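Chemist: I am attaching a structure below and will ask some questions about it afterwards.
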């Protein structure tokens with residue numbers, strides 16, 4: 001549990017996608033990461049405080065199936081990276097490397113990770129031990145799926161290594177687009193193995 005940013009995780013079907021509600025404990029402002037599916041459950045999650053923004057981590061449809069309904073019901077803005085935005089049904093603004101996403105008094109850094117898709121992003125909240133929302137770019141046990149494309153794997157592995165593992169401390173908890181959370185420290189010893197296996 002954080003003191004500045006409240007993080008609530010909800011798995012929605014049919015592909016066990018994780019959606020994350022981030023709420024500033026001071027102001028009550030809310031952001032939803034990945035309106036993946038089951039809009040009614042997501043709307044129950046965000047009420048009664050509402051949300052100001054929905055961030056889509058990348059363009060794959062299993063991460064935005066409920067986006068239009070959630071945006072219509074909440075009036076939230078819809079943000080994504082410009083490289084993936086054209087394939088996402090409703091986008092009202094973009095986020096790129098180095099941008100800051102505000103959730104009330106809390107600030108999250110936007111990190112662009114190329115490989116799973118051209119416009120995948122992660123969001124990093126540096127306070128209280130560090131919390132990193134990685135979409136499908138990083139999971140416990142490896143980087144995201146690059147479908148056997150060596151260039152895409154090399155790009156994603158490079159970005160995950162240089163922008164996440166080389167810059168952030170071991171105690172950072174990361175929250176992937178599917179499945180369980182982990183820490184950078186727990187995964188760091190496996191980086192060489194990931195590099196060698198190529199996925």
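Chemist: Counting other beta carbons within 10 Å of each Cβ, put 6, 128 in order, fewest first.
Modeler: 128, 6
Chemist: So, one more: For the residue pair residue 162 and residue 25, what label-to-label distance in nm results when each label sits 7 Å from Cα along the Cα-to-beta-carbon direction?
Modeler: In this crude spin-label approximation the distance works out to 3.7 nm.
Chemist: Run the quick spin-label model on residue 68 and residue 151: label points 7 Å from Cα toward the beta carbon, then report their separation in nm to one decimal.
Modeler: In this crude label model, residue 68 to residue 151 measures out at 3.3 nm.
Chemist: Let me ask you something else. What is the packing order of peptides 95-101, 135-141, 41-47, taking the mean over residues of other C-beta atoms within 10 Å and listing the highest first?
Modeler: 135-141, 41-47, 95-101
Chemist: Also: Quick one: 65, 15, fewest Cβ neighbours within 10 Å first, how do they rank?
Modeler: Fewest to most other Cβ atoms nearby, the residues stand as 15, 65.
Chemist: Quick one: 71, 143, fewest Cβ neighbours within 10 Å first, how do they rank?
Modeler: Exposure proxy ranking, most exposed first: 71, 143.
Each value in this text was obtained by applying a stated rule to the coordinates, not by laboratory testing. Not measured: the values here are computed from a predicted model. Positions of Cβ are generated from backbone atoms using ideal geometry, with glycine treated the same way; all protein chains shown enter the neighbour counts.
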